[in-house]
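Engineer: Mind looking over this structure? Questions follow.
The values are calculated or read from the model by the stated rules, or taken from the named source; none is laboratory data. Because the structure is a prediction, the values reported are computed rather than measured. Positions of Cβ are generated from backbone atoms using ideal geometry, with glycine treated the same way; all protein chains shown enter the neighbour counts.
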Amino acid sequence: MDNPVIGFGIEYAGEMMYCEARMADTSYDIYFDNNWIASIEHNDSWDWMQASGTILPQATIDEIGLKIESHYN
């Protein structure tokens, strides 16, 4: 597979979801329980931000970003 997929559990809207972060060209596509929910990417300051999709709380975006980063560290 050319683009890695990182999977983990995340609490969202009071429920535990299976989250997958699928690497794309300049972002990660985020899936909750196999449904596309959003795309996230780094901004110019290297903070995670949402690029498209269902509006997620910044805390959720940050948590997903940390999971992605910890996968590579």
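Engineer: On the given criteria, is I40 of a type outside the set (D, E) and in a strand (DSSP E or B)? It would help to see each step written out before you state the result.
Structural biologist: Numbers: of a type outside the set (D, E): yes; in a strand (DSSP E or B): yes.
Criteria met by I40.
Engineer: Follow-up. Counting only residues that are closer than 16 Å to I68 by Cα and touching a Cys at 6+ places or on another chain (Cβ under 9 Å), which one in region 1-36 is surrounded by the most Cβ atoms within 10 Å (Cβ to Cβ)?
Structural biologist: Here the answer is I30.
Engineer: Give all pairs with beta carbons closer than 7 Å in which a residue from region 51-73 that is outside any helix (DSSP H, G or I) meets a residue that is surrounded by 11 or more Cβ atoms within 10 Å (Cβ to Cβ) and among the acidic types (D, E); count only pairs at least 6 apart in sequence or on separate chains.
Structural biologist: Correct list of pairs: A51/E41.
Engineer: Filter region 52-68 for residues that are surrounded by fewer than 16 Cβ atoms within 10 Å (Cβ to Cβ) and either over 19 Å from E11 (Cβ atoms) or of a type in the set (A, V, I, L, M) (or both) and give the result.
Structural biologist: Result: S52, I55, A59, L66.
Engineer: Then there is this: Going by the conditions given, is M1 over 9 Å from the mean Cα position of the chain (by Cα), modelled with pLDDT of 95 or more and of a type in the set (A, V, I, L, M, F, W, C)?
Structural biologist: Values: over 9 Å from the mean Cα position of the chain (by Cα): yes; modelled with pLDDT of 95 or more: no; of a type in the set (A, V, I, L, M, F, W, C): yes.
No: the conditions fail for M1.
Engineer: To continue, here is another question. Just one of (1) part of a loop (DSSP other than H, G, I, E, B); (2) touching a His at 6+ places or on another chain (Cβ under 8 Å) trips up T26, so point out which.
Structural biologist: Tallying (1) part of a loop (DSSP other than H, G, I, E, B); (2) touching a His at 6+ places or on another chain (Cβ under 8 Å), T26 fails exactly one: (2).
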